[in-house]
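The structure appears below as structure tokens.
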Amino acid sequence: MKQYEQVAPMAAVVAEILIKPGDTVRKGQELIILEAMKMENAICAAQDAVISSITVKMGDTVSKGQRLLQYSDADNSAAATQTKETTTDQGKPLRELEARLEYLKDTTRPAAVAKRKSKGQNTARENLHKLIDDGSFKEYGSLVIAAQRTRRSVQDLIENTPADGLIMGTATINQDDLATDSADCVVMIYDYTVLAGTQGTMNHLKMDRMLHIAQKNQLPVILFAEGGGGRPGDVDQQTIAGLHISTFVEFGRLSGVVPVIAVVSGYCFAGNAALAGMADVIIATEHSSLGMGGPAMIEGGGLGSCHPKEVGPPAVHVENGVIDILAKDEDEAIDFAKKYLSYFQGDVKEYKAADQSTLREVIPENRKRSYDIRSIIQLISDTGSSLELRAQYGKGLLTYLIRIEGRAYGLMANNSAHEAGALNSENAIKANAFMQLCNQHQLPIISLVDTPGIMVGPEAETSGTVKHASRLFITGAQLKVPFYAIVVRRAYGLGAMAMVGGSTHVPDFVVAWPTGEFGAMGLEGAVKLGFRKE
């Protein structure tokens, strides 16, 4: 019977010998394991054979080409029946991974999901799938667990802290509606069913990673910010106060670079609230509470005890301008988030518009009669395309995102039905932020002008009007996007100049309704002051 030999393909150490002389082996069966450079290499049978001799032993160092064993031809039928199975279970790692991934599903934590549902809220993953285009999500860091291995078992953490309470990744949103392929986004959702959506050691690291990706690839960011702030229970990493973390810096670096949207539902306090506050827009639900500290922090600071619902309720934040858009629930908040994002994603494929000839009849013949500027905005905009921001704040100046013939614009308008459309401090703050938003994200601006000027008087000056109103001229001077001014009725004084970017020569065009009036101040007042003697 012919003899053959098997030699070492490299210099290595004999780590394991899986056969013995006299064994019948099959082609491809592992015979000897060599270890080189911390890597195991299996020496396999080149054919069906019978092992004649083994010339090495465990622990031997062998050189390249050195004989390892000898074997002879074997009868195929014998090989099939006598061979001992020595190969490892190649499917085991995959099955272990699939088992881990099961813990990411809502179905594996029924008690946590039931508690969430009892509050009338969606789970984090339900919100995710309502937001994104089907099948487009690529999750990052899904197998991370809380940094609490020194106080809890790994299995406990796998079961109860999936993804360390932060679901994040890339996805497309609104792709089917857009005329261009620009729908990629970063989505990050704190999961309140995991440790109350708190910010842990590992999910801070995860978020930093995601923010780098957003900045590098110029991707819009949508953050569901619900959660209780910093998490004191992560004890695996030695730290004093955690004041060195970079998440807030990285999040702040996105401002003006990409659109950033925060969605708030339920309780959102401390660090979670700080992230929400850095977003371009906050979309909050009617059952949200948003504050820089929750009840525990408030009581710990000696400021008394209170219920979470008392800390930053929507009724407060729609009035002070913190909440840009108020939604009745998470489903509506997601609809608003998708709509807001769409203005920064490009043109849409299809649109409809109202009969523009009706604009002839919307301004009252009586020049002193107020009117509904919102109805004009709806007529100018493509049907269903307008979205008002901060509707209850700075009511004398309205800010909208709209589309005209499928293209997105920012629109601001004086509201003659509120203090005659005069610019006060709140109006100025609102207009400044809006023009900066449009300028940063390349949205052309339309200004509908109907103002008697900047608000004056002793009471007006208590709110810092001089500073806030004057900033409008600085913002106007720095605009790089197309700017279009439409004088609906009154264009008086510094207020009108502020509404057109600082000068009537700033806009790409200034047009007027037939009802337009221009003056350094209100016409009646100008006559009384300038011609008092006459």
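The values are calculated or read from the model by the stated rules, or taken from the named source; none is laboratory data. Note that the coordinates shown come from a computational prediction; the quantities given were computed from them, not determined experimentally. Methodologically, a virtual Cβ is constructed for each residue, glycine included, from the backbone with ideal geometry; neighbour enumeration extends over all protein chains shown. The accessibility values were calculated without ligands, DNA or RNA, using every heavy atom of the protein model including side chains. Shrake-Rupley method; radii C 1.70, N 1.55, O 1.52, S 1.80 Å.
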**Message:** List the residues, sorted by chain then number, that are 5 or more residues from E16 or on another chain and whose placed amide H is less than 5 Å from its amide H.
**Reply:** I33
**Fill in**
Here the FRET efficiency for Q218 versus E96, based on Cβ atoms and R0 = 35 Å and rounded to 0.05, is 0.40
**Item:** Calculated P(r) of the stretch 77-221 - Cα pairs past 20 Å, %
**Value:** 58
**Relative packing of peptides 388-399, 116-127 - highest average C-beta neighbours within 10 Å first** = 388-399, 116-127
**Request:** Compute the accessible area per residue over the stretch 229-356, keeping the other protein chains in place, probe 1.4 Å, unit Å².
**Result:** 47
**Item:** E459/E517 FRET efficiency (R0 22 Å; Cβ-Cβ; nearest 0.05)
**Value:** 0.25
**Prompt:** What number, in percent, do you get for the relative contact order of the stretch 377-534 if the mean sequence gap of Cα pairs under 8 Å and at least 6 apart is divided by its residue count?
**Reply:** 18
**Prompt:** Distance in nm between label sites at Q478 and S246, each 7 Å beyond Cα in the beta-carbon direction?
**Reply:** 2.6
**Message:** Using a Förster radius of 35 Å, what is the FRET efficiency between S118 and S305 based on their Cβ-Cβ separation? Nearest 0.05, please.
**Reply:** 0.90
**Complete:** CD proxy, 222 nm, the chain: helix-only mean residue ellipticity via -39,500 (n - 2.57) per DSSP H run with n ≥ 4, per residue, nearest 500, stands at -8500 deg cm²/dmol
**Complete:** With x for Gly and Pro, the residue-by-residue ³J(HN,Hα) of the stretch 191-201, computed from phi through the Karplus equation 6.51 cos²θ - 1.76 cosθ + 1.60 at θ = phi - 60° and given in whole Hz, is 9, 5, 6, 10, 6, 6, x, 6, 8, x, 4
**Prompt:** How much length is gained on full extension from Q47 to D60, taking 0.36 nm per residue of separation minus their Cα-Cα distance?
**Reply:** 2.2 nm
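Measuring with a 1.4 Å probe in the full set of protein chains, what accessible area per residue, in whole Å², belongs to the stretch 416-483?
With all protein chains present, the stretch 416-483 gives 43 Å² per residue.
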**Message:** Can you order the peptides 421-434, 25-38, 353-366 by their average number of other Cβ atoms within 10 Å per residue, highest first?
**Reply:** 421-434, 25-38, 353-366
**Ordering of 499-509, 327-337 by packing [mean C-beta count within 10 Å, highest first]** = 327-337, 499-509
**Request:** Could you tally up the Lys pairs in the stretch 320-427 with alpha carbons closer than 23 Å? Skip any pair fewer than 8 positions apart unless they're on separate chains.
**Result:** 9
**Asked** In percent, what relative contact order does the chain have, based on Cα pairs under 8 Å that are 6 or more apart in sequence?
**Response** 7
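Would you mind telling me the share, in percent, of accessible area of the stretch 213-261 contributed by carbon and sulfur at probe 1.4 angstrom?
Carbon and sulfur atoms account for 56 percent of the accessible area of the stretch 213-261.
Using a 1.4 Å probe and counting only protein heavy atoms, arrange M292, M278, M210 so the residue with the most accessible area comes first.
From most exposed to least exposed: M292, M278, M210.
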**Item:** Apportionment of accessible area to carbon and sulfur, the stretch 371-428, percent (1.4 Å)
**Value:** 44
**Request:** Evaluate 2.2 N^0.38 Å with N set to the residue count of the stretch 410-534, then give the Cα radius of gyration divided by it.
**Result:** 1.05
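As a test, work out the antiparallel percent of DSSP beta bridges whose residues both lie in the chain, rounded to the nearest 5.
Bridges in the chain are about 55 percent antiparallel.
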**Item:** Rounded to whole Å, sorted largest first: equivalent-ellipsoid semi-axes of the stretch 154-256, Cα gyration tensor
**Value:** 28, 17, 10
**Prompt:** What is the magnitude of the charge dipole of the chain about its Cα centre, with +1 placed on the Cβ of each Lys and Arg, -1 on the Cβ of each Asp and Glu, and no other charges, expressed in debye to the nearest 20?
**Reply:** 900
**Request:** Convert each backbone phi in the stretch 449-457 into a coupling constant with the Karplus relation 6.51 cos²θ - 1.76 cosθ + 1.60 (shift: θ = phi - 60°), then list the ³J(HN,Hα) values in order as whole Hz, x for Gly and Pro.
**Result:** 9, 7, 9, x, x, 7, 4, 10, x
**Asked** Simple spin-label model, 7 Å along Cα-to-Cβ: T180 to A315 in nm?
**Response** 4.5
**Request:** Per residue, how big is the convex hull around the C-alpha atoms of the chain? Give it to me in cubic angstrom, could you?
**Result:** 225
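Contact order normalised by length for the stretch 194-299, with contacts defined as Cα pairs under 8 Å and 6 or more residues apart; what percent is it?
Answer for the stretch 194-299 is 30 percent.
Subtracting the Cα-Cα distance from 0.36 nm times the residue separation, let me have the gained length for S357 to E40 in nm, one decimal.
Value of the extension gain: 106.2 nm.
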**Asked** When the Kirkwood radius is taken over all Cα pairs of the stretch 320-431, what Stokes-Einstein diffusion coefficient follows at 20 °C and 1.002 mPa s, in µm²/s?
**Response** 140
**Request:** Determine the per residue accessible area of the stretch 96-225 with all protein chains present and a 1.4 angstrom probe, expressed in square angstrom.
**Result:** 44
**Prompt:** Toward the positive end of the charge dipole of the chain, about the Cα centre and with charges on Cβ (Lys, Arg +1; Asp, Glu -1), which of G266, L97, Y4 goes farthest?
**Reply:** G266
**Asked** Residue-wise, which Karplus ³J(HN,Hα) couplings in Hz belong to the stretch 299-306, taking 6.51 cos²θ - 1.76 cosθ + 1.60, θ = phi - 60°, and x for glycine or proline?
**Response** 5, x, x, x, 9, x, 10, 7
**Prompt:** What is the set of long-range amide H partners of T198 at a cut-off below 5 Å, with H atoms built 1.01 Å from backbone N?
**Reply:** G228
